[in-house]
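Read the structure below first, then the notes.
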Amino acid sequence: MVYKQLEQRGMAQPPVTVSTLRSMKASRDPIACLTAYDASFALLVDEAGADLVLVGDSLGMVIQGHDTTVPVTVSDIIYHSRSVARGLRRAFLVADMPFMSYTTPVQALDNAVRLMQEGGAMMVKLEGGAGQIRIVEHLARHDIPVCAHIGLKPQSVHKLGGFRVQGREEGQARQMVEDARALEAAGADIVLLECVPSEVGRSVRDAVGVPVIGIGAGPDVDGQILVLYDMLGVTQGRVPRFVQNFMAGAESLADGCAAYVHAVKSRAYPSAQHCFS
Ligand code: KIV
């Protein structure tokens, strides 16, 4: 529809944009985020009131059954992102740039354009700190909204030797704060911070003007995100410490999603048991 954006501006619940997310940070209104991989769950999560939905490369683990996110391809993300886009009404859609899909500025731009044009994403997410400045600058120069994922970077699992808490040493924590500042200066619109002590989450939040979304980054960041299947208790075996199963006590999937959004908005989640110190 022509001028859909203008029409939607008058709606009671207009679609979330980068400006909405920035104002939420400014007014300390917690941003509730979840991953989704298909249209049905996207609709459920959107109706529960999630502000942002990520088509994460976690799909390699929770959908495809791999041990890591490394095998995920750009085509995989496009396929799932396109389905999720059809289910969303209000939430802001972010799609992950998979492993090795952003090794040069030209390659990153080509793939980000595909995620937006073919996958319907409104923003792309890539993993990396100061090493990705050139890539973020190039995308930002072409008006591609970017979420920079720092802290634990699952695509680097083989280099890290496992999924481990990051930023426990002072030098590492200081570097993370500097990376977040540098990424913001390069044009990143959101910082996603994974698996760090709560103190580091707070420092990164205070260091940048863009929203900081945490997963295992403590209660003081601007928003929270969880992998949908972890949050719904679908994931088998050992789950990370920061995961809470919101289906416990819920009567339906819709209730479980709504309980998560409510817990984030009311700051009931994450509690001390979900945090690293
Ligand atoms: O791929 C993903 O789902 C993610 C989350 C862990 C935030 O990056």
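Couple of notes before you dig in:
- Anisotropy class of the chain from Cα gyration tensor, a/c 1.5 cut: rounded
- For the range 25-160, the share of accessible area belonging to carbon and sulfur comes to 52 percent (1.4 Å probe, ligands and nucleic acids excluded).
- Note on F163/A26: beta-carbon distance plugged into 1/(1 + (r/R0)^6) with R0 of 35 Å gives a FRET efficiency of 0.60.
- On the beta carbon distance between E170 and Q64, with R0 = 41 Å, the FRET formula returns roughly 0.60.
- Placed amide H near E127: partners under 5 Å, 5+ positions off or other chain: H149
- Å² per residue, accessible surface of the range 210-277 at 1.4 Å: 43
- Summary of packing: across the peptides 264-270, 92-98, 76-82, the per-residue average of other C-beta atoms within 10 Å ranks them, highest first, as 92-98, 76-82, 264-270.
- For the peptides 35-42, 240-247, the ranking by packing is 35-42, 240-247, with the highest mean count of neighbouring Cβ atoms within 10 Å listed first.
- Simple label model, 7 Å out from Cα along Cβ direction - S271 to Q107, nm: 4.6
- Listed by chain and number, the aspartates and glutamates whose C-alpha is less than 19 Å from the C-alpha of K25, apart from same-chain residues fewer than 8 away, are D51, E184, D189, E194, E199, D206, D220, D222.
- Calculated [θ] (222 nm, deg cm²/dmol) that DSSP helices of n ≥ 4 give over the chain, each run adding -39,500 (n - 2.57): -11500 deg cm²/dmol
- Between the range 128-166 and the range 39-103, the alpha-carbon center distance in angstrom: 17
- Accessible solvent surface per residue of the range 29-142, calculated while the other protein chains remain in place, 1.4 angstrom probe, Å²: 37
The values are calculated or read from the model by the stated rules, or taken from the named source; none is laboratory data. Remember, predicted model here, so these are calculated numbers, not experimental data. Heads up, the Cβs are rebuilt from the backbone with ideal geometry, glycines too, and the neighbour counts pull from every protein chain shown. We work out accessible area using only protein heavy atoms, side chains counted, and drop any ligands, DNA or RNA first. Shrake-Rupley method; radii C 1.70, N 1.55, O 1.52, S 1.80 Å.
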